[in-house]
Amino acid sequence: MVLKEIGHIYKICLTYDIIFVQEIWLLDCELHFLNNLSSEFTVYARTGVATSVTSGIVKGRPYGGVAVFVRNNLSCYVAHTLLS
């Protein structure tokens, strides 16, 4: 997902309660774009990039990553488990 797809995901949020997105292509420092998309959703996301970018220089483009959007009224039924 490129950041330009945020608007498309927002439209999907208007219809569905749980949304799975793969290949988000975001860095750790960009995951906040997903969290700020809708106050009605809790977002669980993991970047596909193995290490944090601390130098500010990225070679190539980010890859992989997943995000799950869960409507807040359902988030009490979700157990977040961090896997290594």
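Here are the numbers for this structure:
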{"quantity": "Subset of region 3-18 [assigned to a helix (DSSP H, G or I) and among the aliphatic types (A, V, I, L, M)]", "calculated": "L3, I6, I9, I12"}
{"quantity": "Residues that are exposed (fewer than 10 other Cβ atoms within 10 Å of the Cβ) and assigned to a loop (DSSP other than H, G, I, E, B), drawn from region 68-84", "calculated": "A79, H80, T81, L82, L83, S84"}
{"quantity": "Close pairs from region 4-15: first under 16 Å from S39 (Cβ atoms), partner surrounded by 12 or more Cβ atoms within 10 Å (Cβ to Cβ) and among the polar types (S, T, N, Q), Cβ under 8 Å, at least 6 apart", "calculated": "Y10/S38; C13/S38"}
{"quantity": "Members of region 25-58 that are out of contact with any Asp or Glu (no Cβ under 9 Å at 6 or more places or on another chain), surrounded by 13 or more Cβ atoms within 10 Å (Cβ to Cβ), at pLDDT below 90 and outside any helix (DSSP H, G or I)", "calculated": "W25, L26, L27, L31, L37, R46"}
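The values are calculated or read from the model by the stated rules, or taken from the named source; none is laboratory data. Because the structure is predicted, anything quoted here is derived from the model rather than measured. Counting neighbours? That spans all protein chains shown, and the Cβs are built from the backbone with ideal geometry, glycine included.
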